[in-house]
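*Asks:* Before I ask anything, let me first share the structure, which is written out below as structure tokens.
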Amino acid sequence: MLNAPRSSLWILLVLALTPALAERVVVPLDGQWQIADSLAPDAIPTQFDRVVPVPGLANLAQPAFEDIDRFDSRELIWNLVRRGELPKDALTRAVGIPRQKRNYLWYRRTFTVPLRRERAILKIGKAQFGTAVWLNGRKIGEYLGCFTASYFDVTSAVDWESTNTLLVRVGAHPAALPPWAPAGTDFEKRKWTPGVYDRVELWLTDPPIIEWVQVAPRLNRSSVLVQVQLSNPGAARTATLTHRVLEWDSQQPVAQSPPLLLHLAADERRQVTVEIPIPRPRLWSPESPFLYVLETSTGGDTVRTRFGMREFRFDTTTRRAYLNGRVYFLRGSNITLHRFFEDPLCKNLPWRRDWVRKLLGDIPKQLHWNAFRFCIGPVPDFWLDIAD
């Protein structure tokens, strides 16, 4: 061993300092859920006689809810008054006027966990309007965001040996939220359909937990700047943070960062930033969408983050767009997804991968398009994966 070349000794040292990767176990909770409604926020229904797909919207429930998406927003009322379709005394300072006999919808399903870990985190990708969670009869917490993911630590309520009952309550319309909570504004939108419209999953992992990872390419340095937010619920501990970059398709390793030893206090949250050189990077473009994946591990938790080596900017002087340092002409259109939710033909199309691939790939290429602008609400995350 002492006669090994220096490069071999360095590799052995890295391997010795790198902990065995503990994979995050992701339990998908998509599929058919039971659903019921209520007027009061704490009136948990005793009967669930409808079913609904998750992800999806509540107007897909069977049997159907009456007037499920009827809500006149303050902006719409103002617009109708301006057009002379409503009298001036219809104006309101409230966020809007519900036109249905419910304020809340309750989603219910059961699940079991495949193994026991130190922590169980529930992720609800996107839901509107406002989200509250109960597990096995215990209220876990609430989240008011309508367009970003919510995360709930459900460790203390999980039954590791038997069946778990999960309840998710969402507002049936924007007025179920506090007046200051953003639910979207639109002067044309007539339907405000509630629902859990992105994936739901349970993470089983060990601390330190990787809450999120951001990867920012630096083409002029042939590197990526990586920022990670860690949380350390429970006691103080020492952990080793590692990063490894692979090609997405071939899974061939191309780079890694030296292991970073971290001393984390009890219940500490910390952001860690490192720069990782990428030798001879292959650049991403719509014409050549080459992708990498960053594997980040704390020893207790492991996350994979897909990214492309790309930089995009607008130049004020030339008034042109630049992709990877070259002028790039954008040709395309807009997608107003949350207005499409109002279309009778919408149904379950936004959650069908074959339909989204056709929408974002096949049709635009036939039209020689290379760009879309999303507005009037964000899309489910898998749309962006397909766009990549």
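*Asks:* Could you count how many residues in the stretch 158-216 are under 28 Å from Phe340 (Cβ atoms) and of a type in the set (A, V, I, L, M, F, W, C)?
*Replies:* 13
*Asks:* Does Tyr107 fit the bill of being open to solvent by 40 Å² or more (accessible area, probe 1.4 Å), within 19 Å of Trp33 (Cβ to Cβ) and modelled with pLDDT of 95 or more?
*Replies:* The answer is no for Tyr107.
*Asks:* Within the stretch 362-377, identify whether any single residue is of a type outside the set (Ser, Thr, Tyr), loosely packed, with under 13 Cβ neighbours inside 10 Å and assigned to a loop (DSSP other than H, G, I, E, B), and answer yes or no.
*Replies:* yes
*Asks:* Also, quick follow-up: Could you pull out the residue among Arg116, Arg99, Arg82 that is more than 28 Å from the chain's Cα centre (by Cα), exposed (fewer than 13 other Cβ atoms within 10 Å of the Cβ), of a type in the set (Lys, Arg) and more than 23 Å from Gln62 (Cα to Cα)?
*Replies:* Arg82
*Asks:* Report those strands (runs of 3 or more DSSP E) wholly inside the stretch 242-353 carrying at least 3 residues which are among the aliphatic types (A, V, I, L, M) and surrounded by 12 or more Cβ atoms within 10 Å (Cβ to Cβ).
*Replies:* 260-264, 268-277
*Asks:* Could I ask something else about it? Starting from residues that are touching a Gly at 6+ places or on another chain (Cβ under 6 Å) and open to solvent by less than 20 Å² (accessible area, probe 1.4 Å), keep the ones in the stretch 57-79 and report whichever is nearest to Phe382 (Cα to Cα).
*Replies:* Top of the filtered list is Leu57.
*Asks:* Would you please list the contacts, defined by Cβ atoms under 7 Å and residues six or more apart or on different chains, that run from a residue in the stretch 22-35 that is within 17 Å of Thr165 (Cβ to Cβ) and in contact (Cβ under 8 Å) with a residue 40 or more places away in the chain to a residue that is aromatic (Phe, Trp, Tyr) and in a strand (DSSP E or B)?
*Replies:* Close Cβ pairs (under 7 Å, with a partner that is aromatic (Phe, Trp, Tyr) and in a strand (DSSP E or B)) amount to Val27/Phe111; Leu29/Phe111; Trp33/Tyr107; Ile35/Trp106; Ile35/Tyr107.
*Asks:* Further question on the same structure: Condition first: outside any loop (DSSP other than H, G, I, E, B) and in contact with a strand residue (DSSP E or B) (Cβ under 8 Å, 6 or more places away or on another chain). Now tell me which residues in the stretch 378-388 satisfy that.
*Replies:* Within the stretch 378-388, Asp385, Ala387 qualify.
The values are calculated or read from the model by the stated rules, or taken from the named source; none is laboratory data. What you see is a predicted model; the values in this text were computed from it and never measured. Note: ideal-geometry Cβ built from the backbone for every residue, glycine included; neighbour counts use all protein chains shown. Note: accessible area is taken over every heavy atom of the protein model, side chains too, but ligands, DNA and RNA are not part of it. Shrake-Rupley method; radii C 1.70, N 1.55, O 1.52, S 1.80 Å.
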